[in-house]
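J.: Got a structure here, written out as structure tokens. Questions coming.
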Amino acid sequence: MKAKASGTTSVLKRQRLRKINIWCWVFMIPAVLLYVLFLGYPILSSVFYSTLDWSGMTSNAVFAGLDNFRELFGDKYFFNAVGNSFKYMVICVPFLLTISLALAYLFNSIIKKGAAVFRTVFFMPVVTTTSIVGIIMMFIFGGTGSVNQMLGLFGMKPVNWLGSGDYAMIVVVIVGVWKDVGTYMIYWLAALQSVSQDLYEAAMIDGANRWQTFSKIVLPIIMPIGGTIAILCIISSLKVFDLIQTMTNGGPFFATDVAATFVYRTAYSSATGTPRLGYASSAAVTFGAIIVAMGIIGNTIKGILSKRRTV
Amino acid sequence: MKKISVGKIVIYLVLAVIAFIWVYPFLWMVSASFKTQSEFFGSGLNLIPQAFHFDNFIRAWNNANFGVYFKNTIIVTISVVAIVLMSTSLAGYVIGRYAFIGKKVILGIFMASITIPLVFTVIPVYELLKELGLEQSLIGLILAESGGGHVIFLMLFSSFYASIPNEMEEAATIDGCGFFQTYAKIMFPLAKPIMVTVVTMQSIWTWNSFLLPLIVTLNNPEIRTLAVGLYALRGENVVDWTGIAAGACIAIVPIVILFVSLQKYFVDGIAGAVKS
């Protein structure tokens with residue numbers, strides 16, 4: 001009798017569970033569709049496209065095996081573009097991380113009055129359209145733009161900021177840092193809020209000065225989140241596209257051409273005539289793999305460091 | 001005591017100077033948009049225009065098609081926000097409250113694609129739109145812009161829904177609410193704070209999006225968004241700087257206003273992203 005009862009309850013329970021499972025998947029359908037159609041499937045087909053000799057204009061794509069990759073690894077423009085992506089990242093990241101941390105610390109622990117207003121100001125560039133900011137900056141750093149006029153006031157000669165390769169990269173980095181520093185400031189502020197106010201007071205009682213409090217007490221506590229912030233910063237700097245496409249178009253003479261602008265140009269606005277979707281895909285796949293690898297390496301290093309810290 | 005306040009004054013002064021440099025490009029843009037061409041070239045550094053001319057705005061809105069671009073941007077942004085809000089709320093609800101078969105796998109797949117750059121997927125996305133017959137159309141752009149994993153929003157929704165006490169759900173079940181009704185009548189309305197964050201963040205991202213609309217509108221200027229429209233205008237017309245400045249204002253001012261009025265939610269969302 002008893003066994004039978006528990007048998008029926010378990011059947012009921014199983015039915016209920018199945019119903020819940022079905023409902024759950026019904027609820028997941030829109031999200032899964034949006035993922036599969038516009039992210040999952042494109043990731044896989046990018047890999048497939050990279051093996052095709054295909055312009056994208058016609059349907060006659062020819063399977064070319066690894067030919068695209070063979071050509072890519074001999075393409076000095078591709079190496080130049082990947083090199084520039086890394087150059088941009090390597091110069092940007094230290095400035096982004098330190099300036100944003102300084103601002104966050106200032107607004108979290110040193111000044112209180114007006115901090116909200118300043119925070120809004122430093123965050124403003126983040127929410128504005130990058131492609132439009134790029135065009136405005138093109139004028140500001142242009143031949144007769146504000147920067148050169150300012151230099152003129154101090155009796156200095158105008159500089160051809162965007163016309164010379166060395167300066168163009170510097171200008172792009174300056175604008176990139178200006179644009180993104182607010183994001184990392186917010187990340188650091190979130191990290192700093194996890195430091196209890198008691199620690200600051202204890203440090204003050206122990207006679208630590210501001211710098212000691214920061215470097216000896218606060219910094220070690222926020223370091224784990226700092227690792228995550230650094231990885232995010234590295235990856236998003238490597239992805240730079242909008243700003244460079246609109247400000248310099250990769251020029252002058254490919255001096256600011258990054259991986260993303262290389263892919264875009266090869267796929268959609270080839271100056272040499274026919275677009276090459278297959279070849280562009282192989283560049284995108286290679287660069288995507290580099291970024292994913294950077295993420296994995298970063299997380300591994302972070303994991304090792306945090307393990308060592310707890311031991 | 002006095003020494004500290006002197007130090008603070010120095011900090012505030014330095015901050016004020018940096019803050020001015022920070023907003024200078026926006027001030028320059030707004031000021032240039034009201035200037036005449038001759039005034040623009042004559043006194044570029046002067047931030048306050050001699051008189052406020054609206055000719056630049058009228059020219060940008062009518063001749064340079066910014067009226068159409070503005071309408072397109074609004075349509076795309078609202079549609080994308082609605083689609084993303086609905087799909088991430090539904091998914092976040094079941095992820096946060098239920099253990100179902102395949103949940104870990106699907107979340108793992110979503111998380112794994114977080115670092116994939118858009119440039120990696122944009123070529124197949126466009127080819128897919130072509131196959132659906134939606135390339136060079138607003139609907140295609142809306143769908144492509146809504147696509148993706150939206151992991152941040154899923155996390156925000158799921159941790160919110162997970163924090164709702166079970167009693168609420170039990171009470172709803174006793175009242176005769178089924179699975180969907182419990183969600184639609186009880187849970188979804190409770191998630192208002194998360195909704196505001198999602199709406200704010202997604203509006204800003206969609207409004208500012210560049211690469212996807214650039215490619216989808218390559219052969220159809222009529223469906224350009226503002227971000228692409230200004231880029232195209234610069235390509236076609238290099239002389240009309242004040243017109244371009246006015247176009248930039250039309251594109252940027254609405255999103256800045258939206259941000260300043262809802263910044264708490266945007267900032268909370270960004271901060272939440274790094275914590276999880």
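J.: Average partner chain C-beta neighbours within 10 Å, per residue of B:14-25?
T.: For this peptide, the per-residue mean of nearby foreign Cβ atoms is 5.
J.: Could you order the peptides B:195-203, B:62-70 from most to least packed, using the average number of other C-beta atoms within 10 Å per residue?
T.: The most tightly packed comes first, giving B:195-203, B:62-70.
J.: I've got another one for you. Pairs of alpha-carbon atoms within less than 8 angstrom and 6+ residues apart define the contacts here; what relative contact order does the stretch B:64-275 have, in percent?
T.: Worked out over the stretch B:64-275, it gives 35 percent.
J.: Using the Cα atoms of the protein assembly as shown, I'd like the radius of gyration and the largest Cα-Cα distance, Dmax, both in angstrom.
T.: 26.2, 102
J.: List, by residue number, every residue in the stretch A:174-199 with a reduction of 40 Å² or greater in accessible area between the chain on its own and the complete protein assembly, 1.4 Å probe.
T.: Buried on complex formation: A:178, A:186, A:187, A:190.
J.: Taking the Cα centre of the stretch A:75-310 as the origin, how large is its charge dipole in debye, to the nearest 20, when only Lys and Arg (+1) and Asp and Glu (-1) carry charge on their Cβ atoms?
T.: The calculation lands at about 240 debye.
J.: Counting helices only, and only those DSSP H runs with n ≥ 4, report the 222 nm mean residue ellipticity of chain A as the sum of -39,500 (n - 2.57) divided by its residues, in deg cm²/dmol to the nearest 500.
T.: The helix contribution divided over chain A gives -23500 deg cm²/dmol.
J.: Quick one: angle between helix B:192-208 and the longest Cα principal axis of chain B, in degrees between 0 and 90, rounded to 10, please.
T.: Its long axis makes an angle of about 40 degrees.
J.: Moving to a separate point now. Report Rg/Rh for the stretch A:2-49, rounded to two decimals, where Rg is the Cα radius of gyration and Rh the Kirkwood radius.
T.: Rounded to two decimals, Rg/Rh equals 1.42.
J.: Over the alpha-carbon set of chain A, work out the extent along each principal axis and list the three values in angstrom, largest first.
T.: Here the Cα extents, ordered largest to smallest, are 101, 76, 37 Å.
J.: Per residue, what accessible area does the stretch A:176-216 have, given a 1.4 Å probe and all protein chains present, in Å²?
T.: Dividing the accessible area of the stretch A:176-216 by its residue count gives 52 Å².
J.: Quick query: amide H of residue A:52 versus all other amide H atoms, modeled in the peptide plane; which residues come in under 5 Å with a sequence gap of 5 or more or a different chain?
T.: A:64
J.: Step through the residues of the stretch A:170-177 one at a time and calculate ³J(HN,Hα) from phi using the Karplus curve (6.51 cos²θ - 1.76 cosθ + 1.60, θ = phi - 60°), rounding each to whole Hz and writing x for Gly and Pro.
T.: With the stated coefficients, the stretch A:170-177 comes to 4, 4, 4, 5, 4, 5, x, 5 Hz.
J.: Could you size up the charge dipole of the protein assembly as shown around its Cα centre, putting +1 on the beta carbon of Lys and Arg and -1 on that of Asp and Glu, and report it in debye to the nearest 20?
T.: 1900
J.: For the pair residue A:8 and residue B:103, what calculated FRET efficiency results from E = 1/(1 + (r/R0)^6), where r is the Cβ-Cβ distance and R0 = 35 Å, to the nearest 0.05?
T.: FRET efficiency, residue B:103 to residue A:8: 0.80.
J.: Turning to a different aspect of this structure: When 1/r is averaged over all different Cα pairs and the result inverted, which Kirkwood radius in Å belongs to the stretch A:1-154?
T.: Kirkwood hydrodynamic radius for the stretch A:1-154: 23.6 Å.
J.: Please work out the average accessible area per residue across the stretch A:2-49, using the 1.4 Å probe convention, and give it in Å².
T.: It amounts to 67 Å² per residue over the stretch A:2-49.
J.: Hey, another quick one. Sort out for me the Cα centre separation of the stretch A:79-132 from the stretch B:160-202, rounded to whole Å.
T.: What the calculation gives is 36 Å, centre to centre.
J.: With the full set of protein chains in place, find how many percent of the accessible area of chain A is carbon and sulfur; take the probe as 1.4 Å.
T.: Carbon plus sulfur share of accessible area: 69 percent.
J.: In the stretch A:253-269, which residues become less accessible by 20 Å² or more once every protein chain is in place, relative to the chain on its own, using a 1.4 Å probe?
T.: Relative to the lone chain, where solvent access is computed with a 1.4 Å probe, the stretch A:253-269 loses at least 20 Å² at A:260, A:263, A:264, A:268.
J.: Also, I was wondering about something else. Over the stretch A:1-127, what is the relative contact order in whole percent, taking alpha-carbon pairs under 8 Å and six or more residues apart?
T.: Value for the stretch A:1-127: 9 percent.
J.: Continuing with this model, one more query. Mind computing the radius of gyration and Dmax over the alpha-carbon atoms of the stretch B:108-237? Å is fine for both.
T.: My reading of the Cα-based Rg and Dmax gives 19.6, 67 Å.
J.: A 28 angstrom limit on the alpha carbon distance is what I want to check against. Which of A:87/B:103; A:113/A:216; A:179/B:103; A:216/A:307; A:112/B:192 exceed it?
T.: Table pairs above 28 Å Cα-Cα are A:87/B:103; A:179/B:103; A:112/B:192.
J.: On average, how much area does the Cα convex hull of the stretch A:81-232 cover when viewed from any direction, in nm²?
T.: The Cα convex hull of the stretch A:81-232, projected and averaged over all directions, gives 11.6 nm².
J.: Let me ask something additional. Kindly write out, for the stretch A:92-107 in residue order, the coupling ³J(HN,Hα) from the Karplus curve 6.51 cos²θ - 1.76 cosθ + 1.60 (θ = phi - 60°), rounded to whole Hz, with x marking Gly and Pro.
T.: Once rounded to whole Hz, the list reads 5, 4, x, 5, 4, 5, 6, 4, 5, 5, 4, 4, 4, 5, 4, 6.
J.: Now, a different point. Using a probe radius of 1.4 Å on protein heavy atoms only, what is the accessible area buried between chains A and B, both sides summed, to the nearest 100 Å²?
T.: Result for this pair: about 8000 Å² buried.
J.: Work out the charge dipole of the stretch A:75-310 with +1 on the Cβ of Lys and Arg and -1 on the Cβ of Asp and Glu about the Cα centre, then indicate which of A:109, A:133, A:264 is farthest towards its positive end.
T.: A:109
J.: Once both axes come from the Cα atoms, what is the angle between helix B:103-112 and the longest principal axis of chain B, in degrees from 0 to 90, rounded to 10?
T.: Computed tilt is about 20 degrees.
J.: Moving to a separate point now. In degrees, nearest 10, range 0 to 90: what is the angle between the Cα axis of helix B:241-275 and the longest Cα principal axis of chain B?
T.: Once rounded, one gets 30 degrees.
J.: Leaving out ligands, DNA and RNA, and with a 1.4 Å probe, what % of the accessible surface on the stretch B:34-147 is carbon or sulfur?
T.: 70
J.: With every protein chain left in place, what is the accessible area per residue of the stretch B:64-275 in square angstrom, probe 1.4 Å?
T.: 38
J.: Let me ask you something else. Given only helices, namely DSSP H runs of n ≥ 4 each adding -39500 (n - 2.57), what is the per-residue ellipticity at 222 nm of chain B, to the nearest 500 deg cm²/dmol?
T.: -24000 deg cm²/dmol
J.: Run the numbers on chain A and let me know its relative contact order in percent, using alpha-carbon pairs under 8 Å that are six or more apart.
T.: The value is 29 percent.
J.: Let me ask something else about it. When the Karplus curve 6.51 cos²θ - 1.76 cosθ + 1.60 is applied with θ = phi - 60°, which whole-Hz ³J(HN,Hα) does each residue of the stretch B:11-25 get, with x for Gly and Pro?
T.: Each residue of the stretch B:11-25 in turn: 4, 5, 5, 4, 4, 5, 5, 4, 4, 5, 4, 4, 8, 3, x Hz.
J.: Can you check what the Kirkwood hydrodynamic radius comes to for chain B, Cα pairs only, in Å to one decimal?
T.: When all Cα pairs of chain B are included, the Kirkwood radius is 22.0 Å.
The values are calculated or read from the model by the stated rules, or taken from the named source; none is laboratory data. Since the structure is predicted, the reported quantities are computational estimates derived from the model, not experimental observations. Cβ atoms come from the backbone with ideal geometry, glycine included; neighbour counts cover every protein chain shown. Protein only, heavy atoms only, side chains kept; ligands, DNA and RNA dropped before computing areas. Shrake-Rupley method; radii C 1.70, N 1.55, O 1.52, S 1.80 Å.
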